[in-house]
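K.L.:
The structure under discussion is supplied below as structure tokens; questions concerning it will follow.
Bear in mind these aren't lab numbers, they're just calculated from the coordinates by the rules spelled out. Please read these numbers as outputs of a predicted model, since none were measured by experiment. Cβ atoms come from the backbone with ideal geometry, glycine included; neighbour counts cover every protein chain shown.
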Amino acid sequence: MPERDRFLATTEWLAANLANPKVRVLECTVHLLRPAEGQRGFRVVPAIEDFEAGHIAGAGFADLHNDLSDPESKLRFMMPPAEQFAEAMSRYGVGDGSEVILYDRGGNMWATRIWWMLRAFGFDNARVLDGGWTKWTAEGLPVEQGKPGPVPAARFTARLRPELIAGKDEVLQAIESGQACIVNALNEATYRGETRTYARPGHIKGSKNVPAMGDSGVVDPATQTYRDLADIRAQFEAAGAKP
């Protein structure tokens, strides 16, 4: 299998496999509504209304904000307990034997977030739809409207892989030792501290900037598909983010 196909699904592949009962498609979009002038932070709105207005045929909706984040944390989007994650995935129709395809309506940031969460909880058979909703609709592939439909009973087993998660102490140690490469995937203006979206402008000390989105991002803004592997590797190397 080509390296790209291990982590990305093409629209052609998904269109040919929509009827496969093992394939479970989940939309992952979240809207971050920007603050008023002079204010910081943002408002989180799961894109369920957009989903109901139109989504990939047969897809479910993965609610990162309400279902897949720790409700006890004061910080947004923190990893939930394993039991909470397993319950949500089971409710979405994702079982241990499923093949999961994730998509969103932006630059794949939400789909890749849930892809990583699945891996962190021990599930490897998930891929991100390359091009997401943008490419799917541009190609006139099957869509439908309405709320998520019923799904077959499923059981998801969450087995946390703590080695995939870095806590504050590990990051501080990495800064001190210089033995790890810390990558900031936000846009260049945010990295340079020119925006006030977050409580503190700038970036983690010593981190390198490889934007996920934008003209210089690893995702092509016109198609929402990932650039060629060689181009992405060159972006990391140019930023000094070498393995």
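K.L.:
If I take every Cα pair under 8 Å that is 6 or more residues apart in the stretch 168-238, average their sequence separation and divide by the length, what percent do I get for the relative contact order? Can you show the working numbers first?
P.N.:
Numbers: 80 pairs, mean separation 16.2, N = 71.
Dividing the mean separation by the residue count of the stretch 168-238 yields 23 percent.
K.L.:
Let me ask another. Quote the relative contact order of the chain in percent (integer), defining contacts as alpha-carbon pairs under 8 Å separated by 6+ residues. Could the numbers behind the result be given before it?
P.N.:
Working: 406 pairs, mean separation 49.8, N = 243.
This gives 21 percent for the chain.
K.L.:
Let me check I have the definition right: for the chain, take the eigenvalues of the Cα gyration tensor, multiply each by 5, take square roots. What are those semi-axes in whole Å, largest first? Walk me through the intermediate numbers first.
P.N.:
Details: eigenvalues 169, 89, 78 Å².
Here the semi-axes work out to 29, 21, 20 Å.
K.L.:
Determine the percent antiparallel among the DSSP beta bridges restricted to the stretch 3-161, to the nearest 5.
P.N.:
About 35 percent, rounded to the nearest 5.
K.L.:
Suppose each label sits 7 Å from its Cα in the direction of the beta carbon; what would the E194-K242 distance come out to in nanometres?
P.N.:
The answer from the label model is 2.8 nm.
K.L.:
Sticking with this structure for a sec: Could you compute Rg(Cα) / (2.2 N^0.38 Å) for the stretch 73-197, with N its residue count?
P.N.:
On the way: Rg = 17.7 Å, N = 125, 2.2 N^0.38 = 13.8 Å.
Its radius of gyration relative to the 2.2 N^0.38 Å reference: 1.29.
K.L.:
Could you work out which residue, out of G217, G149, G131, moves most in a Gaussian network model of the chain, that is, has the largest mean-square fluctuation with Cα springs under 10 Å?
P.N.:
G149
K.L.:
Then there's this: Can you list the HN-Hα couplings for the stretch 42-57, worked out from phi with the Karplus curve (6.51, -1.76, 1.60; θ = phi - 60°), rounded to whole Hz and with x for Gly and Pro?
P.N.:
Values per residue, Gly and Pro as x: 7, 9, 9, 10, x, 8, 5, 5, 5, 4, 5, 6, x, 8, 4, 3 Hz.
K.L.:
Continuing with the same structure: Ordered by residue, what ³J(HN,Hα) values in Hz, to whole numbers, does the stretch 222-230 give under the Karplus form 6.51 cos²θ - 1.76 cosθ + 1.60, where θ = phi - 60° and Gly and Pro are x?
P.N.:
Each residue of the stretch 222-230 in turn: 6, 10, 6, 9, 6, 5, 4, 4, 5 Hz.
K.L.:
Could you compute the longest span of the chain free of GluC sites (Glu not before Pro) located in DSSP loops and having at most 15 other Cβ atoms within 10 Å, not counting the site residues?
P.N.:
On the way: sites that count: E37, E72, E139, E194.
Here the longest segment lacking exposed loop sites spans 73-138.
K.L.:
Shape verdict for the stretch 37-100, please, from the Cα gyration tensor: rounded (a/c under 1.5), prolate (a/b greater than b/c) or oblate. Can you show the working numbers first?
P.N.:
Values: a/c = 3.50, a/b = 1.29, b/c = 2.71.
It comes out oblate by the Cα gyration axes.
K.L.:
Taking a 25 Å limit on the Cα-Cα distance, which of the listed pairs K74/K208; K22/K135; K205/K242; K74/K205 fall beyond it?
P.N.:
Values: K74/K208 27 Å; K22/K135 23 Å; K205/K242 17 Å; K74/K205 23 Å.
Over 25 Å Cα-Cα: K74/K208.
K.L.:
Which of I101, I175, I48 moves the most in a Gaussian network model of the chain with Cα springs under 10 Å?
P.N.:
Its mean-square fluctuation being the largest, the pick is I175.
K.L.:
Using a simple charge model, +1 on the beta-carbon of Lys and Arg, -1 on the beta-carbon of Asp and Glu, nothing else, what dipole does the stretch 3-161 show about its Cα centre, in debye to the nearest 20? Spell out each step's value before the answer.
P.N.:
Details: 19 positive and 21 negative charges, 80 e Å.
Its charge dipole is roughly 380 debye.
K.L.:
Another question, then. Compute the Cα gyration tensor for the stretch 124-212, then decide on rounded, prolate or oblate, letting a ≥ b ≥ c be the square roots of its eigenvalues: rounded whenever a/c is under 1.5, prolate when a/b is larger than b/c in the other cases, and oblate in all that remain.
P.N.:
Values: a/c = 2.76, a/b = 1.56, b/c = 1.77.
Note, shape of the stretch 124-212 comes out oblate.
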